[in-house]
Amino acid sequence: MLRAVHFIAAFLALFDVTNAHAQSATYRCVDAGGRSTYTNVKEEMTGKKCTVVSREVSVVPAQKIPPPPKPASGAAKTSGERVDQNTQRGRDDTRRKILQEELDAAEKRLSESRQKLAEQDSMRTGEERLIPQKALDRVKPYRDEVERQEQNVSSLKRELSNLR
């Protein structure tokens, strides 16, 4: 028991020393060469001019903020400025091409989804003939996928019609 008390006392003493070390003041010391160092260790301060900086010092270097990127030629310089007609036409053409490619891919996915749904609808096990709800539950994810693909195609067509 006495050994445990000594262990606890030693632990608390060690904690107080490290805690005092962590809470000590930070000094800025200038050596004979004019170089500045920051420390909180008394032994490192001998022979130097030291002044208290503060109780808390951040040692993380500040990051340089990069300048804002310059706008590309032909782009609007500030919000509200218009770009020239050829630049805008090129952007519109690129957007239309991308949307058309997405629409083609979405229509392909829609036809594949409809085909998978038709395959699943045509298969009925004996149990599903007796309990139709089981067939509906099995086919539901396929119906949901067809519906989602139809919404995608519809949205893309609407987006394309807004460009024309």
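The values are calculated or read from the model by the stated rules, or taken from the named source; none is laboratory data. Values in this document were obtained by computation on a predicted structure and should not be read as measured data. We place every Cβ from the backbone using ideal geometry, glycine too, and count neighbours over all the protein chains shown.
Filter segment 143-164 down to residues that are surrounded by 15 or more Cβ atoms within 10 Å (Cβ to Cβ) and touching an Asp or Glu at 6+ places or on another chain (Cβ under 8 Å) and give me whichever is farthest from Arg96 (Cα to Cα).
Top of the filtered list is Val153.
Go through segment 89-134 and give me each residue that's over 21 Å from Asn152 (Cα atoms), in contact with a helix residue (DSSP H, G or I) (Cβ under 9 Å, 6 or more places away or on another chain) and among the hydrophobic types (A, V, I, L, M, F, W, C).
Met123
May I ask you to verify whether Pro67 is surrounded by fewer than 10 Cβ atoms within 10 Å (Cβ to Cβ) and at pLDDT below 85?
Yes; evaluated as a whole, the condition is true for this residue.
Hey, can you tell me all the residues within segment 135-146 that are over 21 Å from Leu156 (Cβ atoms) and among the hydrophobic types (A, V, I, L, M, F, W, C)?
Ala135, Leu136, Val139
So how many residues does segment 84-108 have that are touching a residue at least 60 places away in the same chain (Cβ under 8 Å) and not polar (S, T, N, Q)? Walk me through how you get there before you give the answer.
Of all residues in segment 84-108, those touching a residue at least 60 places away in the same chain (Cβ under 8 Å) come to 92, 95-96, 99-100.
This time we only want the ones that are not polar (S, T, N, Q), so: 92, 95-96, 99.
Matching residues across segment 84-108 total 4.
Residues checked against (1) in a helix (DSSP H, G or I); (2) farther than 20 Å from Glu147 by Cα; (3) touching a Phe, Trp or Tyr at 6+ places or on another chain (Cβ under 6 Å):
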residue: Val83; (1), (2), (3): no, yes, no
residue: Asn86; (1), (2), (3): yes, yes, no
residue: Asp93; (1), (2), (3): yes, yes, no
residue: Lys97; (1), (2), (3): yes, yes, no
residue: Ala105; (1), (2), (3): yes, no, no
residue: Lys108; (1), (2), (3): yes, no, no
residue: Ser111; (1), (2), (3): yes, no, no
residue: Gln115; (1), (2), (3): yes, no, no
residue: Gln120; (1), (2), (3): yes, no, yes
